[in-house]
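Down below is the structure, laid out as structure tokens.
Any read-out appearing in this document is the output of simple, stated calculations on the displayed coordinates, not a laboratory observation. Just so we're clear, the structure is a prediction, and the values are computed from it rather than from any experiment. No Cβ is skipped: glycine too gets one built from the backbone with ideal geometry, and neighbour counts run over all protein chains shown.
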Amino acid sequence: MLYKQPLHNLRAKIEEFWQPKRLWRRVIALISCPIVTLWAWIAFSQQPVTLNLLMTTPDAQPWKQGSIADFERKHPNIRINLIEGPNAANLVEDLYTASFLLGDSPYDMVNMDVVWTSKFAAAGWLLDISNRIAPEELAAFSPRDIEAGKYAGKLYRIPIRSDVGMLYYREDLLSAAGIKPPATFADLIAASQNLQRSGKVSWGYVWQGRQYEGLVAMFVEVLQGFGGFWVKPDTLEVGLDRPETLRAIAFLRDTIQMGVSPPGVTTYQEEETRRLFQSGRVAFLRSWPYAWPLANQPDSPIKGKIAIKPMVGTLEQNGGACLGGWGLGIAKSSKHPEEAWEAIRYFTSPDVQKQLILQAGYVPSRKALFADPEIVAKYPHYPKLLEVSQNAVLRPPIAQYAQVSDILQRYLSAALTNRLPPDRAMQAAASETRRLLSVKG
Ligand code: GLC
């Protein structure tokens, strides 16, 4: 019968299996199979998880100098792959945006500028972290830095550090010339020309004039000083074609036309302006506090010769300090949200933030650190900075911010480089912004 053949084969195989000379090999194989599987599973599950994180190249330097290595030592199950991106906040934003739009984004944590949360959260790219942290813990941070991490009442970003635009000046030169630190735009120009005339400096004032995010961050400060506004977040009213805006632009153009600022200033970002100021050839610089430790490093020609104060304004209106700053969120597409949260807890903790500040001169996002004795010993201007940061000017925290900023960057740059008359440039900027926001300002 046909079915007898398979049965016969089977019996033969069983007898062969139990033959004493092969038996041990077989038993060992049977036992070791699950052991090998278990071992492979354990080995695989103990492989460290890698979290990808992208930031601008200058921002990455202090992280590479210690905090990442310390974190990895304390968390052997997590590696941080820090990717150094281009040196402009808006270009890094473009990279994050492109990767989220294309899907399959490699980023686990998102290092977000203070103006990104609304857009990223509205697009659904971030994990809601509201329930991961208690309100008492959030209360330790500056309220504005926390607000900047919220969208539609939910929290998406924990601030690692804050930032505020400030005016740096050569205290040594001003006091030798008997000039008081300037309070108004007119004082700033007069003091600059005075020091230029006496040959103490080549240039009076340097600021960020390139077409990029830093241009609008600088501009909102001047705009505030002239009593103007960009977009009111509550009503979406647009103020770009108002006379105050044109006065603010006239001031910046004057600095170039009068030779107070170098003609190349319209191509400068933060680092170009900082290097020029640090060379000792400039009296005043608009920048963020990160420039302080660099300008005071041992080989700096201006070490110990500088001071810092809030931006100047007009007789009627105090100057503004733009609120900047960076924080971490979790990408919704990340396969490792728990590890990402562990890393965020670590990098935003008081000790780690303190180290980052001592290293890089960043502005704390934790209120207590403004008065920390070690920090104040190194940066005596920090207690004053708390007040400045609490009254800082916001760039409009709206979901369309990236587009609104791009419009202003383009037209402002055109007005500053004589490609368009300022009034026409600002009329165009205002109407494009209104069209985008679909309301009449
Ligand atoms: C700083 C600020 C950030 C701002 C950027 C502009 O990094 O912290 O908020 O957008 O400068 O260049």
Name the residue from PRO159, TRP207, LEU102 whose Cα lies farthest towards the positive end of the charge dipole of the chain, charges +1 on Cβ of Lys and Arg and -1 on Cβ of Asp and Glu. LEU102
Taking only Cα atoms, what is the 0 to 90° angle, nearest 10, from helix 20-45's long axis to the longest principal axis of the chain? 20
Between segment 306-324 and segment 120-199, how far is it from one alpha carbon centroid to the other, in angstrom? 11
Chain lengthening between ILE83 and GLN403 when straightened (0.36 nm per residue, less Cα-Cα): 112.7 nm
Simple label model, 7 Å out from Cα along Cβ direction - ASP351 to ASP128, nm: 3.4
How far apart, in nm, are two points set 7 Å out from the Cα along the Cα-to-Cβ line at THR417 and at LEU436? 1.9
Extension gain, ARG275 back to MET258 (0.36 nm per residue minus Cα-Cα distance, nm): 3.9 nm
Normalised by the number of residues in segment 126-218, what is the relative contact order in percent for Cα pairs under 8 Å and 6+ residues apart? 17
Only helical DSSP H runs with n ≥ 4 go in: add -39500 (n - 2.57) per run for the chain, normalise by residue count and round the 222 nm mean residue ellipticity to 500 deg cm²/dmol. -14500 deg cm²/dmol
Expressed as a whole-number percentage, the relative contact order of the chain with C-alpha contacts under 8 angstrom and at least six residues apart is 23
What list of ³J(HN,Hα) couplings, whole Hz, do you get for segment 402-409 from phi and the Karplus terms 6.51, -1.76, 1.60, once you set θ to phi - 60° and write x for glycine and proline? 4, 6, 4, 5, 4, 4, 5, 4
